[in-house]
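Enquirer: One structure coming up, written as structure tokens, with questions to follow.
The values are calculated or read from the model by the stated rules, or taken from the named source; none is laboratory data. Bear in mind that the values here come from a model prediction, so they are computed numbers and not experimental data. When we count neighbours, we look across all protein chains shown, and the Cβ atoms used for this are built from the backbone with ideal geometry, even at glycine. Heavy atoms of the whole protein, side chains included, go into the accessibility calculation; ligands, DNA and RNA do not. Shrake-Rupley method; radii C 1.70, N 1.55, O 1.52, S 1.80 Å.
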Amino acid sequence: VESTPDTVRSALRGVIDPELGDNIVDLGMVRDVQITNGLVSIEIALTIAGCPLRAQLRSDVERHVLALPDVTEVKVKVGSMSADERSTLMNRARWKAREKAGPNQVPADTRVIAVASGKGGVGKSTVTANLSSALALLGFTVGVLDADIAGFSLPRLLGVTERLQAEKAHIVPAEIPMGTGLLKVVSMGLIEGSNEEEAIMLRGLMLNRALQHFLEDVRWGDIDYLVIDLPPGTSDVQMGLARMLPQSNLLVVTTPALAAQHVAARAVDMARRSHLRVAGIVENMSAFTNESGEIVALFGEGGGKRLAESTETPLLAMLPFHPEVGRMGDAGTPIVSAAPDNSASLAYSALAELISREVVPPVEMSGCSSRLLDAVKAALGPHDSDANTSG
Ligand SMILES: Nc1ncnc2c1ncn2[C@@H]1O[C@H](COP(=O)(O)OP(=O)(O)OP(=O)(O)O)[C@@H](O)[C@H]1O
Ligand SMILES: [Mg+2]
């Protein structure tokens, strides 16, 4: 099939302005599309000229268009919106925010990070628990969603024992204060039944639509980040996420073994085909330095780098293997908070800093459309915005 301006525009519907939570085509940010012999020239208009998300949007545009079969080159010209264009965008964003306030309780200005992997047992849940904690230690309020419905493990890793409460037909997350920040945890393992049998039945009923339930029925309140622990592999859950939270940023966890990288590459590929942004690769169980100063590569070497290269995705961290990581996890105290000087803790903290500074910065710091977003919230009035903030 030959690409036309229309097919290019439809590919660009996969590019989401993370702050407005809507695609750049429907937001009116795509001004012009021209195609000559495989070269696609696109003009996009940002809400504000010096938008710090500029680089991200530009590369997202390039990536989505280059994925079209007969496109060989993409040129993106970035401009800024006129007052008229901005006011059209405001209307659209306002409508969208209203629509969102219904089924989806995740605030529009929350940055979403989903932790995925090609195969099981590579450390997704451990990364989720420690990354969330490290972000909280930086002062953020972090929602933690255990989307591994059947294989939930976050209650244990984060030491949550209280069951979730329901309040006015909403689920209230379990709260764990951490440093100056806060974790708000939701997991299937925290869903109460009057006895274990009933709990198992309830979980069974929820299994299919669990992610949707969690996104619709959980009252997250104001959270800076939502970190989601996905089940291993390329499941319906990942597809559901692409549909329900298209602003998600995927972290793909892999081990240093070279052999398993094609499985991990599949997770990246699947994400891209469902238009999810792959924020980067995290290598876990990497080489560590033992007491006598030797570097030990228990699980091989180079896997993260190879995956990063083959998928053209940044390698964000190499988290060393350390027996304490597992021990602290079993004790319900994530190592970043329990032993911050441990080599693995330092690596988790560095990852959280890199994410909050560059890779997925919080909305108020990236300050691009966030002022518009505030205006949208104000325009929605106390009744509508209540749905996102109270409780
Ligand atoms: N950096 C690390 N150092 C030492 N042990 C680790 C490290 N990361 C994870 N582990 C251990 O590896 C095991 C698997 O980790 P985890 O449960 O987080 O993986 P997962 O990818 O979530 O698995 P699943 O696919 O079953 O959900 C756990 O016992 C955990 O304690
Ligand atoms: Mg897990």
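Enquirer: Kindly indicate which of 56, 34 is at pLDDT 95 or above, more than 16 Å from ligand 2 (Cβ to nearest atom) and either surrounded by fewer than 14 Cβ atoms within 10 Å (Cβ to Cβ) or within 25 Å of the chain's Cα centre (by Cα) (or both).
Expert: Details: 56 fails: at pLDDT 95 or above.
Result: 34 is the single residue among 56, 34 that is at pLDDT 95 or above, more than 16 Å from ligand 2 (Cβ to nearest atom) and either surrounded by fewer than 14 Cβ atoms within 10 Å (Cβ to Cβ) or within 25 Å of the chain's Cα centre (by Cα) (or both).
Enquirer: Additional query: Hey, does segment 304-317 have a residue that's of a type in the set (A, V, I, L, M, F, W, C), over 28 Å from residue 64 (Cα atoms), at pLDDT 95 or above and in contact with a Phe, Trp or Tyr (Cβ under 9 Å, 6 or more places away or on another chain)? Full working, then the answer.
Expert: Within segment 304-317, the subset of a type in the set (A, V, I, L, M, F, W, C) is 307-308, 315-317.
Retained after the next criterion (residues that are over 28 Å from residue 64 (Cα atoms)): none.
Scanning segment 304-317 turns up no residue that is of a type in the set (A, V, I, L, M, F, W, C), over 28 Å from residue 64 (Cα atoms), at pLDDT 95 or above and in contact with a Phe, Trp or Tyr (Cβ under 9 Å, 6 or more places away or on another chain).
Enquirer: Could you tell me how many of the residues in segment 236-274 are assigned to a loop (DSSP other than H, G, I, E, B), in contact with a strand residue (DSSP E or B) (Cβ under 8 Å, 6 or more places away or on another chain) and within 19 Å of residue 64 (Cα to Cα)?
Expert: Here the count works out to 4.
Enquirer: Further question on the same structure: Identify the single condition in (1) at pLDDT 80 or above; (2) open to solvent by less than 40 Å² (accessible area, probe 1.4 Å); (3) not charged (D, E, K, R) that residue 177 does not satisfy, given that it satisfies every other one.
Expert: (2)
Enquirer: I'd like the full set of residues that are crowded, with 24+ Cβ neighbours inside 10 Å and not hydroxyl-bearing (Ser, Thr, Tyr), limited to segment 239-248.
Expert: 241, the sole residue that qualifies.
Enquirer: Let me ask you something else. Please identify the pairs in which a residue from segment 68-93 that is of a type in the set (S, T, N, Q) has its Cβ atom under 7 Å from the Cβ atom of a residue that is surrounded by fewer than 13 Cβ atoms within 10 Å (Cβ to Cβ) and at pLDDT 95 or above, counting only partners at least 6 apart or on another chain.
Expert: 72/39
Enquirer: Oh, and also: Against the definition (assigned to a helix (DSSP H, G or I) and among the acidic types (Asp, Glu)), how does residue 60 come out, yes or no?
Expert: yes
Enquirer: For residues that are among the β-branched types (Val, Ile, Thr), farther than 15 Å from residue 348 by Cα and either away from ligand 1 (no atom under 14 Å from the Cβ) or surrounded by 24 or more Cβ atoms within 10 Å (Cβ to Cβ) (or both), tally how many sit in segment 120-150. Talk me through it step by step, then tell me what you get.
Expert: Within segment 120-150, the subset among the β-branched types (Val, Ile, Thr) is 122, 126-128, 141-142, 144, 149.
Keeping just the survivors that are farther than 15 Å from residue 348 by Cα gives 122, 141-142, 144, 149.
Filter again for either away from ligand 1 (no atom under 14 Å from the Cβ) or surrounded by 24 or more Cβ atoms within 10 Å (Cβ to Cβ) (or both), leaving 122, 141-142, 144.
Result for segment 120-150: 4.
Enquirer: Then there is this: Starting from segment 348-362, keep only residues that are aromatic (Phe, Trp, Tyr), then list their pairs with residues that are modelled with pLDDT of 95 or more whose Cβ atoms are within a distance under 6 Å, requiring at least 6 positions of separation or different chains.
Expert: Pairs that qualify, where the first residue is aromatic (Phe, Trp, Tyr) and the partner is modelled with pLDDT of 95 or more, are 348/130; 348/134; 348/336.
Enquirer: Within segment 87-133, track down each residue that is among the charged types (D, E, K, R), out of contact with any helix residue (DSSP H, G or I) (no Cβ under 8 Å at 6 or more places or on another chain) and modelled with pLDDT under 80. So that I can check it myself, show each step before the final result.
Expert: Our first condition is that a residue be among the charged types (D, E, K, R); within segment 87-133, this holds for 92, 94, 96, 98-100, 109, 111, 119, 124.
Narrowing the set further to residues that are out of contact with any helix residue (DSSP H, G or I) (no Cβ under 8 Å at 6 or more places or on another chain) leaves 92, 96, 99-100, 124.
Scanning segment 87-133 gives 92, 96, 99, 100.
Enquirer: Which of the residues spanning segment 118-133 are over 15 Å from residue 152 (Cα atoms) and hydroxyl-bearing (Ser, Thr, Tyr)?
Expert: The answer is 132, 133.
Enquirer: Among the candidates 108, 150, 134, which residue alone is away from ligand 2 (no atom under 16 Å from the Cβ), of a type in the set (Gly, Ala, Ser) and in a loop (DSSP other than H, G, I, E, B)?
Expert: Working: 150 fails: away from ligand 2 (no atom under 16 Å from the Cβ); 134 fails: in a loop (DSSP other than H, G, I, E, B).
That would be 108, the only listed residue that is away from ligand 2 (no atom under 16 Å from the Cβ), of a type in the set (Gly, Ala, Ser) and in a loop (DSSP other than H, G, I, E, B).
Enquirer: Confirm whether residue 271 is open to solvent by 40 Å² or more (accessible area, probe 1.4 Å) and at pLDDT below 90. Lay out the reasoning, then the answer.
Expert: Details: open to solvent by 40 Å² or more (accessible area, probe 1.4 Å): no; at pLDDT below 90: yes.
Here the answer is no, as residue 271 does not meet what is asked.
Enquirer: Let me ask another. The conditions are (1) free of Cβ contacts under 8 Å to residues at least 60 places away in the same chain; (2) farther than 22 Å from residue 84 by Cα; (3) open to solvent by 40 Å² or more (accessible area, probe 1.4 Å), and residue 11 fails exactly one of them. Which is it?
Expert: (3)
Enquirer: Also, quick follow-up: Quick check on segment 223-235: of everything there that is assigned to a loop (DSSP other than H, G, I, E, B) and out of contact with any Gly (no Cβ under 6 Å at 6 or more places or on another chain), which residue is most open to solvent (accessible area, probe 1.4 Å)?
Expert: The qualifying residue most open to solvent (accessible area, probe 1.4 Å) is 234.
Per-residue answers, yes or no, for (1) of a type in the set (S, T, N, Q); (2) within 14 Å of ligand 1 (Cβ to nearest atom):
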site: 274; (1), (2): yes, no
site: 280; (1), (2): no, no
site: 290; (1), (2): yes, yes
site: 312; (1), (2): no, no
site: 316; (1), (2): no, no
site: 321; (1), (2): no, yes
site: 329; (1), (2): no, yes
site: 336; (1), (2): no, yes
site: 353; (1), (2): no, no
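Enquirer: Can you name the condition, by its number, that residue 166 falls short on among (1) more than 16 Å from ligand 1 (Cβ to nearest atom); (2) touching a strand residue (DSSP E or B) at 6+ places or on another chain (Cβ under 6 Å); (3) aliphatic (A, V, I, L, M)?
Expert: (2)
Enquirer: Does any residue in segment 163-186 that is among the acidic types (Asp, Glu) come within less than 9 Å, Cβ to Cβ, of a residue that is part of a strand (DSSP E or B) six or more places away or on a different chain, and which pairs are these?
Expert: Partner pairs satisfying both residue conditions: 175/182; 175/183; 175/184; 175/185.
Enquirer: In segment 153-164, what count of residues is obtained for those that are out of contact with any Leu (no Cβ under 8 Å at 6 or more places or on another chain), open to solvent by 40 Å² or more (accessible area, probe 1.4 Å) and part of a loop (DSSP other than H, G, I, E, B)?
Expert: 2
Enquirer: Let me ask you something else. Please verify whether residue 215 is assigned to a strand (DSSP E or B) and open to solvent by less than 10 Å² (accessible area, probe 1.4 Å), treating the condition exactly as stated.
Expert: no
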